[in-house]
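Peer 1: Shown below is the structure under consideration.
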Amino acid sequence: MASSLNVNEHIKEDFTDLLTCTICLETFQQPKYLPCLHTFCEPCISTYIVSTVKGDKSEGFKCPVCRRLVPIPIGDSMENPETWARTLPGNHFIVSMIDRRAMKNTEKLCDACSMKSVSQKAMSWCTVCEEAYCTTCEANHKTFKVSRNHKIVPIKDINEDKSISNICAFVACDAHPDKTIEIYCMDHSQPCCTICATVHHRKCEQVITIDKAISGVKDSSKAKELTKKLTEASYKLEEIFQNRNLNKTNFENEMDVVSDEITKMRKKLNEKLDKLENKMREEENSVRKDNVLRLSEESTELSALKSTFDHWKNLFEASLSQGT
C-alpha cells in the first residue's frame, strides 16, 4: 500500500514537472517543444536563443536542458534568431494537461458568461472551442450551425477520466493555425492538417487519418514495449548516474588524501629545513664568534705593538734633539 502511494506521488510530481517551464519555473505559457521533446514557454526559449546565439555562422542553438544542438529552422526567418522560437511546434499535449489540471483544481466558470461579466459555474467543455459552458450556454452552443457538431463532454467526466483526449479535439496545425490536425504522415512521422498533407506529403506513400494513427496505441504491444524499454533505460541511466556520482565522491576523497599527504610532506620538509637552517645558523655564529675574537685579539696586539713603536720613536727623536 505504501509502495503504491509512493508511486502515485512520484507520478503526480512528474506531471507537475511536465507542466513547469525549466527556465522561468512557472506553468507553461505558449509551450513550444524542441526535437529532443524538452518544452519551454515561447517567450522563455526566444530570450534564451537570442542571448546564446552569437555570430552570423551559427548552426543553431543548444537545448537548455540536454545541450543537444537544435538546427536553424529552414525558411525566411533563419537569419533572425528572434523569430526562431515562433517556428517551433506547439506542445498541444501539454496545453491539454494544463487545461485538465485547471478544471480539476478549481471550479471552472462558464467562459461565455464570463465575457458578459457574469459568474456562472461551468458544467460542460467543448473540445473544439476549448471553452467551458454552463447548461444554458451549452444549449445555445448546440444551436449554432458552426458548432452544433462540436464534441461536448461533462466537466465531471473529464475530472474522473485520466485521459486528456476529452479535453481537446481541436489541435491546431502549426503551419495553419486555423486548421485542425487530421492527417498523419508515417513516412515523415509528422501530424498535419489537410493543407499540409496536400502540399507537402502528396508524394508520401503512407498517409493516414490521425484517428487511425492513434487507434489502439495506448494498449498496443509496441506502446507497452516502448514503455518497458524507456523504463529500463531510465533505470540504467540512473544506475550509471549514481555510479558516476560515487566515482566522483571516491575520486574527491582520494584527492583529499593526496592533498593531506602533500601537506604532511611539506610540513616535514619545513621541519627539516628549519633544523638545517638552525644548524647552519649555529655554525655561522660559532665561526663568526671565533673569528671576531681572533681578529679582536690580533687588533689589540697590533695596537700595543704600535704604541710601543711610537714610544721608541719618540725616545729616539728626543735623544737626537737633546743629546750632546
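The values are calculated or read from the model by the stated rules, or taken from the named source; none is laboratory data. In this text the structure is predicted, and so the values were computed from the model without any measurement. With ideal geometry, Cβ positions are generated from the backbone for all residues, glycine too; neighbour counts draw on all protein chains shown.
Peer 1: Residue by residue through the range 110-131, note down the ones that are crowded, with 18+ Cβ neighbours inside 10 Å and of a type in the set (Gly, Ala, Ser).
Peer 2: ALA112, ALA122, SER124 - these are the residues of the range 110-131 that are crowded, with 18+ Cβ neighbours inside 10 Å and of a type in the set (Gly, Ala, Ser).
Peer 1: From ALA175, ALA213, ALA197, grab the single residue that is of a type in the set (Gly, Ala, Ser), part of a helix (DSSP H, G or I), out of contact with any Leu (no Cβ under 6 Å at 6 or more places or on another chain) and modelled with pLDDT under 90.
Peer 2: Just one listed residue meets the conditions, ALA213.
Peer 1: Specify the residue that is modelled with the lowest pLDDT; the eligible residues are those in the range 47-74 that are over 13 Å from LYS32 (Cβ atoms) and among the aliphatic types (A, V, I, L, M).
Peer 2: Taking the candidates together, the pick is ILE74.
Peer 1: Kindly provide the set of residues from the range 32-47 that are without any contact (Cβ under 8 Å) to a residue 40 or more places away in the chain and in a strand (DSSP E or B), ordered by number.
Peer 2: Within the range 32-47, PHE40, CYS41 meet the criteria.
Peer 1: Filter the range 32-66 for residues that are of a type in the set (D, E, K, R) and over 14 Å from the mean Cα position of the chain (by Cα); which is surrounded by the most Cβ atoms within 10 Å (Cβ to Cβ)?
Peer 2: The extreme case among them is LYS32.
Peer 1: With the condition kept exactly as written, say whether any residue in the range 75-87 is at pLDDT 80 or above, of a type outside the set (Gly, Ala, Ser) and assigned to a loop (DSSP other than H, G, I, E, B).
Peer 2: Looking through the range 75-87, none of the residues is at pLDDT 80 or above, of a type outside the set (Gly, Ala, Ser) and assigned to a loop (DSSP other than H, G, I, E, B).
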